[in-house]
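The values are calculated or read from the model by the stated rules, or taken from the named source; none is laboratory data. Remember, predicted model here, so these are calculated numbers, not experimental data. Cβ placement follows ideal geometry from the backbone for every residue including glycine, while neighbour counts extend to all protein chains displayed.
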Amino acid sequence: MLNLLDDWVKKTPWRFPLPLGKTILFSGIDGSGKTKHARKLTYELRSNGICVKNLWMRGRGRIFFSFPLLILCRLLQITKVHKLKNGITISEYPFYAYKPIRLLWPWLQFVDSLFYTIIFLYRPFSRSRALVLIDRNVIDTLVDIVADTRTPIGYHLLQMLLLALLPKNSFVVVLDVSEDVAMSRKKDILNLHYLKIRIENYRRLAKKYGWYLLSTDDDYNHVHKLLLATVSKTLKLDNLNETNQERGSAYSSVNRTKVFL
């Protein structure tokens, strides 16, 4: 596990540098526990005197050029709006059924991802020594693109460009969870197929690039203990586990940090 970060750097030789700091990236489907684990880990690291910033990046990749296309798709009724049995309304984006949109959407997403990565990550943290925990990132954007457009995971140019936006000193954690468990945790998921196609692609990417794949099907505290141990070894924080066992579960008082323009 000590070589996880070095292995990832070797397998992806070119990325934008984040010169002074390191990043931990959390990816995975809805219901995998990204936000909960990221918030608790933020507390534990700060409790050990480590300067940590927690960025919640959900939806950042759709706030520039992609947004007008989403509005157009809603007006043309390409976007499918579903009302679940529990009353929650969600949107489905079957862009794969419309060739012009299928071809355009991935590149709009890339341009938006480039903009928000520079604005929300590289600009504020390019000279910071803080450890940055990122809850959702361009890996999740890539997986959503593949699911919405049925673009093959081996579409190397798009894949290369998106993953090039990840900071150089990154430790990627892909939280893996079964479809049934995710459905039981989240009440705004359309169906099992929505989850299945995304889970498969997260696993393929994790295997290809050597990212840390952690199952979150088990008890939350047990899973987080494994995560904490891995982060401790990767960042060479020898006393992290012992210190936080003494602190108990006070992490719930942590407030999530958001970055705005």
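Before moving on, here are some points about what is shown:
- Some residue of region 36-55 being modelled with pLDDT under 90, in a helix (DSSP H, G or I) and acidic (Asp, Glu): no
- Flag for Asn3 being exposed (fewer than 14 other Cβ atoms within 10 Å of the Cβ) and at pLDDT below 90: yes
- When every residue of region 245-255 is checked against the conditions, none turns out to be out of contact with any strand residue (DSSP E or B) (no Cβ under 8 Å at 6 or more places or on another chain), closer than 17 Å to Arg39 by Cα, outside any loop (DSSP other than H, G, I, E, B) and at pLDDT 85 or above.
- Tally of residues being of a type in the set (A, V, I, L, M), surrounded by 18 or more Cβ atoms within 10 Å (Cβ to Cβ) and outside any helix (DSSP H, G or I) across region 193-231: 1
- Residues located in region 105-121, provided they are crowded, with 16+ Cβ neighbours inside 10 Å and either at pLDDT 90 or above or farther than 17 Å from Met57 by Cα (or both): Trp105, Pro106, Leu108, Gln109, Phe110, Asp112, Ser113, Leu114
- Scanning region 156-169 for residues that are of a type outside the set (A, V, I, L, M, F, W, C) and at pLDDT 85 or above, we see that the one that is farthest from Arg136 (Cα to Cα) is Gln159.
- Meets criteria (loosely packed, with under 13 Cβ neighbours inside 10 Å, charged (D, E, K, R) and either within 26 Å of Val111 (Cα to Cα) or modelled with pLDDT of 90 or more (or both)) for Asp144: no
- Cβ-Cβ under 6 Å pairs, at least 6 apart or on other chains, region 194-206 side closer than 12 Å to Ser178 by Cβ, far side in a helix (DSSP H, G or I): Leu195/Glu179; Leu195/Ala182; Lys196/Glu179
- Meets criteria (surrounded by fewer than 17 Cβ atoms within 10 Å (Cβ to Cβ) and either more than 20 Å from Phe110 (Cα to Cα) or under 17 Å from the mean Cα position of the chain (by Cα) (or both)) for Arg46: yes
- Positions within region 66-95 being in a loop (DSSP other than H, G, I, E, B) and exposed (fewer than 15 other Cβ atoms within 10 Å of the Cβ), in sequence order: Leu76, Gln77, Leu84, Lys85, Asn86, Gly87, Ile88
- Test: residue in region 137-150 that is over 16 Å from the mean Cα position of the chain (by Cα) and more than 25 Å from Phe67 (Cβ to Cβ): no
- Pair list, Cβ under 8 Å, 6 or more apart: region 123-145 residue of a type in the set (Ser, Thr, Tyr), other residue assigned to a loop (DSSP other than H, G, I, E, B) and surrounded by 17 or more Cβ atoms within 10 Å (Cβ to Cβ): Ser126/Leu18; Ser128/Gly21
- Taking the criterion of being under 17 Å from the mean Cα position of the chain (by Cα) and charged (D, E, K, R), the residues of region 207-238 that qualify are Lys207, Lys208.
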